[in-house]
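Trainee: Let me give you the structure first, and then I'll get to my questions.
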Amino acid sequence: MTLAPDDLRTAMNDLARTTGPLDPGPILRSGKRRRTRRHLAAAAGAAAAIAAVTGGIAALRPGGDTPVVVSDGKAIQDLDNSLHGLDAGTYEFSLSGAYLITDIVRARVEAAGGYDIEYSSAMSLRRAGTTTYLKPSGAGTYSGPGVLEQLKSAGLPQAEIDRYATGIAQLDGTHWLRVDPQRLIKAAQVDEQSSLDYLAPTPAAEKPDITGADALIAAVTTAERTGDTITGTLDATKVDSKLRLLIDEPASYYGAPATSMRYRATLDGQGRLTGFTLDLPGTLASQAPDQQPEAPLVITITRYDGIEPPEAPQDAEPITDVTYDLLARDND
């Protein structure tokens, strides 16, 4: 007997609810922020705060016509220029503290030849030439003991159990899998909890920079340079929420501090960005002012020169259809 697709999905969802989730660190952090945001939105509505900036001089961004108040008329121009190295598409970086992106331990980008992104969850994504590879984390819903026995108990016929056994084996964290990037995107769009939901965007010819630094710098409101360090404030409400760097509604979540978050940027001898740290306010809009600050959002560019295109991993397997389905709900 072969079960209908809805029956199979029900069986897998039942299994997901009875087995262990992924490493909860980044997921719990994200869940906490989501719950807090919903609470604040209900309690405080969508009120936005305006931070007044006094003093300074007005400067225009290249190609723009909106004045930006800065402490040093040249500093904001230096920040914009610091992105040229990233725009060239050859760099190495790490990222931590983003709202809905798993921390990136190390990413190497050579946009013409590919990229290699290693996440703190132990998941890795690589493109070598025109082929994309995924190495799952080896954790999650289907990593616990007795999974296949639970499938049998769910009433799946042996042929289906065998298919799922192959897919589950591909998620054990020891296999590189040849994948279709578009199918990974579709799997992440399934309305279930998945490790794919927290992956960073991948480099593209039209946008080789995936660090998120450009969006943060575009939101800068004040800047002052001392040596190779630029400090100031940015307006978090101006950062595109689709990038998942910051919470969706920072004005509701943080209150007035959302529009004047402190940052620190560092440049190398060629004026290229080497680091960007954004301090997240410790006091939420509806809480007492003694709350501990959240960990900052930190982007660190460790290298621009000498980046070699990644090589294809040896013995990579073609991913199965059922593995895509498992990936779509591997943190239920």
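The values are calculated or read from the model by the stated rules, or taken from the named source; none is laboratory data. No experiment lies behind these values; they were computed from the predicted model shown. In this analysis, Cβ positions are derived from the backbone assuming ideal geometry, glycine residues included, and neighbour counts consider all displayed protein chains. Ligands, DNA and RNA are excluded from the accessible area calculation, which covers all protein heavy atoms including side chains. Shrake-Rupley method; radii C 1.70, N 1.55, O 1.52, S 1.80 Å.
Trainee: Can you name the number of the only condition in (1) open to solvent by 40 Å² or more (accessible area, probe 1.4 Å); (2) farther than 30 Å from LYS186 by Cβ that GLU206 fails?
Mentor: (2) is the only condition that GLU206 fails.
Trainee: May I pose another question? Got at least one residue in the stretch 214-235 being part of a loop (DSSP other than H, G, I, E, B), open to solvent by 10 Å² or more (accessible area, probe 1.4 Å), β-branched (Val, Ile, Thr) and at negative phi?
Mentor: There is no residue in the stretch 214-235 that is part of a loop (DSSP other than H, G, I, E, B), open to solvent by 10 Å² or more (accessible area, probe 1.4 Å), β-branched (Val, Ile, Thr) and at negative phi.
Trainee: Moving on to the next point. Quick one: in the stretch 297-313, of everything that is part of a strand (DSSP E or B) and open to solvent by 20 Å² or more (accessible area, probe 1.4 Å), which residue is farthest from THR102 (Cα to Cα)? Reasoning before the result, please.
Mentor: Looking only at the stretch 297-313, we keep the residues that are part of a strand (DSSP E or B), and these are 297-303.
Going one step further and asking which of them are open to solvent by 20 Å² or more (accessible area, probe 1.4 Å), we end up with 298, 300, 302-303.
On the way: VAL298: 13, THR300: 15, THR302: 19, ARG303: 21 Å.
Among those residues, the one meeting the criterion is ARG303.
Trainee: Looking only at the stretch 179-191, decide whether some residue is open to solvent by 50 Å² or more (accessible area, probe 1.4 Å), within 22 Å of the chain's Cα centre (by Cα) and of a type in the set (Gly, Ala, Ser).
Mentor: No.
Trainee: Might you let me know whether the stretch 237-251 holds any residue that is assigned to a strand (DSSP E or B), more than 20 Å from ILE101 (Cα to Cα) and open to solvent by less than 20 Å² (accessible area, probe 1.4 Å)?
Mentor: Narrowing the stretch 237-251 to residues assigned to a strand (DSSP E or B): none.
The answer is no; no qualifying residue exists.
Trainee: Can you name the residue in the stretch 317-331 that is open to solvent by less than 20 Å² (accessible area, probe 1.4 Å) and in a loop (DSSP other than H, G, I, E, B) and, of all such residues, is modelled with the lowest pLDDT?
Mentor: Of everything passing the filter in the stretch 317-331, ASN331 is modelled with the lowest pLDDT.
Trainee: Just one of the numbered conditions (1) assigned to a helix (DSSP H, G or I); (2) among the charged types (D, E, K, R); (3) closer than 17 Å to PRO318 by Cα is not true of ASP172; which one?
Mentor: Every condition holds for ASP172 apart from (1).
Trainee: Output the number of residues of the stretch 129-165 satisfying the condition of being among the hydroxyl-bearing types (Ser, Thr, Tyr), surrounded by 13 or more Cβ atoms within 10 Å (Cβ to Cβ) and out of contact with any strand residue (DSSP E or B) (no Cβ under 8 Å at 6 or more places or on another chain).
Mentor: So the count comes out to 5.
Trainee: Determine, yes or no, whether ALA188 is at pLDDT below 95, of a type in the set (A, V, I, L, M) and not in a loop (DSSP other than H, G, I, E, B). Write out each step before concluding.
Mentor: On the way: at pLDDT below 95: yes; of a type in the set (A, V, I, L, M): yes; not in a loop (DSSP other than H, G, I, E, B): yes.
Judged against the criteria, ALA188 is a match.
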